[in-house]
Amino acid sequence: MVESTPNLNLNLIVISSKSYKRDFRKFLVEAATQSGALAAHVHAWSCLNVTMDGVESADAPLSLMDPALQAMALRFDGGRNTVVLTGMTAFRSRFGRSIKRLLPHASFVYDVYDDFMYGTKGFKRLRRMQRDWTWRMHCDAYMVLEEGMLPRYPGAFHLNNASHMRPLDLPSSKRYGTDRVAYIGSIDVRTDFDWLQRLAQSGVGIDIWGKPPSSQSTEQRLIDQLCATCPTVAFK
C-alpha cells in the first residue's frame, strides 16, 4: 500500500528497461501522480520513450537531446526535490547513466528488487557483482524488498510492507479491500506456485509480473497451467 505524504513535496522519475505498459513500476508513477506529485516513466533500452500524465511519447533513438526527454527535465526544474528510481538493468547502458546530467540535483535510488547473485557462479557471478558495484557508485541510496539483503546493502531503505507474510498466508479480498493483487518478483525455483494457486482459488485475482528462465522452462509451463485453470490469473 502506498501512502501519500504531500508535505514532502517530492517528485518521482522511474527509469526502466521495460516499456511503460509492461513495467510494474508504472503503479508507483500513477500513485505519485494521484498524490499530487510530478511523476514520469522513462523507458531507456533499445529506444527511448517518456510517459507523463499517462501520455507516452513516440519511440525515439537514445539521445539526451530527445524533445520528450528535454521537456521532462524542464518540467522537473533540473531535478530539484526529485527521486529517480532505477534498477540494475535500466541503468546498465551508458545512456542510462548519462541521464544524471539532465537532473544534477536529483537523488538517484538503486532499486534492488531481487538478489542478483542467486543461482549464479563463476564468471557470471563476478560480472553481476561488478554491475552491482557500478550501480552503487552511481546512485545516492539503495532500496531493498527482502530484509535478508540489508547486510549486503547497509543503510538501504527496506520496503517491509509485505515482509510479515508467510508462505501459507492467504490474504482475502475482504481483508485488503481489493479482489486483485500483483505478484512481482523472480520466476524461478523460488516461486511458490502452490501458494499462488491457493490464493487464486480463494477468490483473489492475480497479475503475475516477471520473466521465466525460458519459454520452455518448467516455470513457464506452471504459469500456463495456472492461467488455464484459474481465469482470474493473468501473466503480464
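The values are calculated or read from the model by the stated rules, or taken from the named source; none is laboratory data. This one's a predicted model, so the numbers in the text were calculated from it and none came from an experiment. Using ideal geometry, Cβ is built from the backbone for each residue, glycine included, and neighbour counts are taken over all protein chains shown. Protein only, heavy atoms only, side chains kept; ligands, DNA and RNA dropped before computing areas. Shrake-Rupley method; radii C 1.70, N 1.55, O 1.52, S 1.80 Å.
Couple of notes before you dig in:
- Within the shell defined by Cβ-Cβ distances under 15 Å, the residues around residue 145 carry a net charge of -2, with Lys and Arg each +1 and Asp and Glu each -1.
- Amide H partners (placed H, <5 Å) of residue 40, local residues excluded: 12, 13, 14
- Rounded accessible area of residue 124 (nearest 10 Å², 1.4 Å probe): 90
- Of all DSSP-defined beta bridges confined to segment 1-149, some 30% are antiparallel rather than parallel.
- Multiplying the residue separation of residue 159 and residue 77 by 0.36 nm and subtracting their alpha-carbon distance yields 26.7 nm.
- When +1 charges are put on Lys and Arg Cβ atoms and -1 charges on Asp and Glu Cβ atoms, the dipole computed for segment 9-71 relative to its Cα centre reaches about 220 debye.
- Projected label distance in nm at residue 129 and residue 147, using a 7 Å step from Cα toward the beta-carbon: 2.7
- Electrostatic dipole magnitude of the chain [Cβ: Lys, Arg +1; Asp, Glu -1; Cα centre; debye, to 20]: 720
- Note on exposure: 158, 105 ranked by accessible area (1.4 Å probe, complete protein assembly) read 105, 158, with the most exposed listed first.
- Near the amide H of residue 183, within less than 5 Å, lie the amide hydrogens of 207, 208, 209, all on another chain or at least 5 residues away, with H placed in the peptide plane.
- Across 21/211; 26/236; 21/121; 100/121; 124/211, pairs whose alpha-carbon gap is larger than 22 Å: 21/121; 100/121
- Of the three principal axes defined by the Cα atoms of the chain, the extents in descending order read 49, 45, 36 Å.
- Solvent-accessible surface of the chain, taken per residue with a 1.4 Å probe and all protein chains present: 58 Å².
- Other-chain or far-sequence residues with amide H under 5 Å of residue 62's (modelled H): 48
- Atom-type composition of the exposed protein surface of the chain places 54 percent of the accessible area on carbon and sulfur (1.4 angstrom probe).
- The chain: calculated mean residue ellipticity at 222 nm from DSSP helix runs of at least 4, using -39500 (n - 2.57): -8000 deg cm²/dmol
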